[in-house]
1. Taking 7 Å along the Cα-to-C-beta vector as the label spot, tell me the S229-I388 distance in nanometres, rounded to one decimal.
2. In terms of modelled amide H atoms, which long-range or inter-chain residues lie less than 5 Å from the amide H of Q162?
3. Which of these, G328, G141, G43, has the largest mean-square fluctuation under a Gaussian network model of the chain (Cα springs below 10 Å)?
4. Note the direction-averaged projected area, equal to a quarter of the hull surface, for the Cα convex hull of segment 64-132, in nm².
5. Can you pull the one-decimal nm distance between simple spin-label points at D199 and L326, each 7 Å off the Cα toward Cβ?
6. If amide H atoms are built 1.01 Å from N in the plane of the peptide, which residues on other chains or at least 5 residues away come under 5 Å of the amide H of F241?
7. What residues qualify as long-range amide H neighbours of V129, i.e. H under 5 Å apart, gap of 5 or more or another chain, H built at 1.01 Å from N?
8. From the P(r) of segment 129-283, could you give the percentage of C-alpha pairs in the tail past 29 Å?
Amino acid sequence: MKLLPLSLIGLSILTVSCANTKQQIEIEKEVVTVNKNYAEKNGLVVIEAENFSTQVLSDKRRWLIFDENGTASEPGLYADPDTPHSAGASGNSYIEILPDNRTNHDEKLIPGENFMPTPGVMAVLTYPVYFSEPGRYIIWGRAFSTGPEDNGFHFGLDGVWQEKSQRLQFCQGKHQWTWSSQQRVPENHCGTPKTLWLDVEKAGQHTLMLSMREDGAELDKIILSKDQSYTPEGLGPAETFYQTPKLEEKKVYKDIDNYAYILNSKDSFNFENGTADSYYFDKGRGVLAINAGKPELRNKFISASYIHKKPKPQSFNMKLVTLTELDGESEYKVLLNGKLIGDFKNPETNLDYKEAVFDLGLIELKKGDEITVKSNAVTNGKIPEGDITAFARGRWRGVVLQHP
Ligand SMILES: [Ca+2]
Ligand SMILES: [Ca+2]
Ligand SMILES: [Ca+2]
Ligand SMILES: [Ca+2]
């Protein structure tokens, strides 16, 4: 069995329709593809039969996966009248149910061993499928039959073996990979096209199931089609996997890999002291900053304070997270109950607003303790602005408390 990565990240083009202009625009969106979890897309589900998730009730007969070399997923010498058919199989791989000890009518029919008229009893496979649309789906299978006793399959959904999804039959196209959607019925053992289907009552996650009818049967690919006029050809379309947008990546506190509490400068610190020399909240960057546009606020320390309210004294590793700026290297002072515990200067940067993390070491905090952060607006003389040079604004994001 070919091992597939559980998930892979790829780029896919999504077509988004714009309601106002009815104009079709294309955007590139990063998606995560979950292999082995299938999805219906535009009324179509395409599954490689060998890509099943589970197999149960397989003590007497078992679906074995044959790879591109014709090697079975379980080594052993099993009764089998035909050689592998990997060439011509989609993905050069398929499943066959073995042993096969009923090849023709001369060999004894043993229900429960080499034949199973009841679905869901022998060698049951599952394939998870997410349907975005309920409805009736025609079932197509691609099989390789070499005799009259290796050409039937049962399908089901969520453990229910609907009457119309039982007994997929292959009469035509012997000794080659062939598509069929024909249900075997008493009055016509070969069936007629598009008479095999599954009714999916509700949108959402379901489990497609496949079980043995005749041993020696070989299946390459499965298609469920809501479009009744659809008929697959050749290898059929590519598999339809379940895809989701990539999760949103973290944008702040990027270098903080663990924390007990985050004290955001804006939310946890008192910074609006009502005077002209207080911080303002820089909404765009989500940090406190000094309005260096006012000359009287340059080159002086502005402060904000936090009062610890947790009742239980606790030790933490404390860190200060600032933003580096192109136009100056601001200084930061951190005080605990008025005593200086940290004094830092932002490093020079060639990337504006990159986070910098400063370690304040191990501290014990008890109820009523006060943490004060101070910073200044300074210029490094590098970035011209009017007659002078631009000032960094002493930006900082917050204080992080980590379990020691
Ligand atoms: Ca065989
Ligand atoms: Ca057989
Ligand atoms: Ca066979
Ligand atoms: Ca295949």
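1. 7.4
2. So Q162 has HN proximity to L157.
3. In this elastic network of the chain, the residue with the biggest mean-square fluctuation among G328, G141, G43 is G328.
4. 6.7
5. 6.6
6. Here A39 satisfy the definition.
7. For V129, the qualifying residues are Y38, H206, T207, L208.
8. 42
The values are calculated or read from the model by the stated rules, or taken from the named source; none is laboratory data. Everything quoted here is computed from the prediction, not taken from an experiment. Positions of Cβ are backbone-derived with ideal geometry, glycine not excepted, and every protein chain shown enters the neighbour counts. When the accessible area is computed, the model is the full protein with side chains, heavy atoms only, and any ligands, DNA or RNA have been set aside. Shrake-Rupley method; radii C 1.70, N 1.55, O 1.52, S 1.80 Å.
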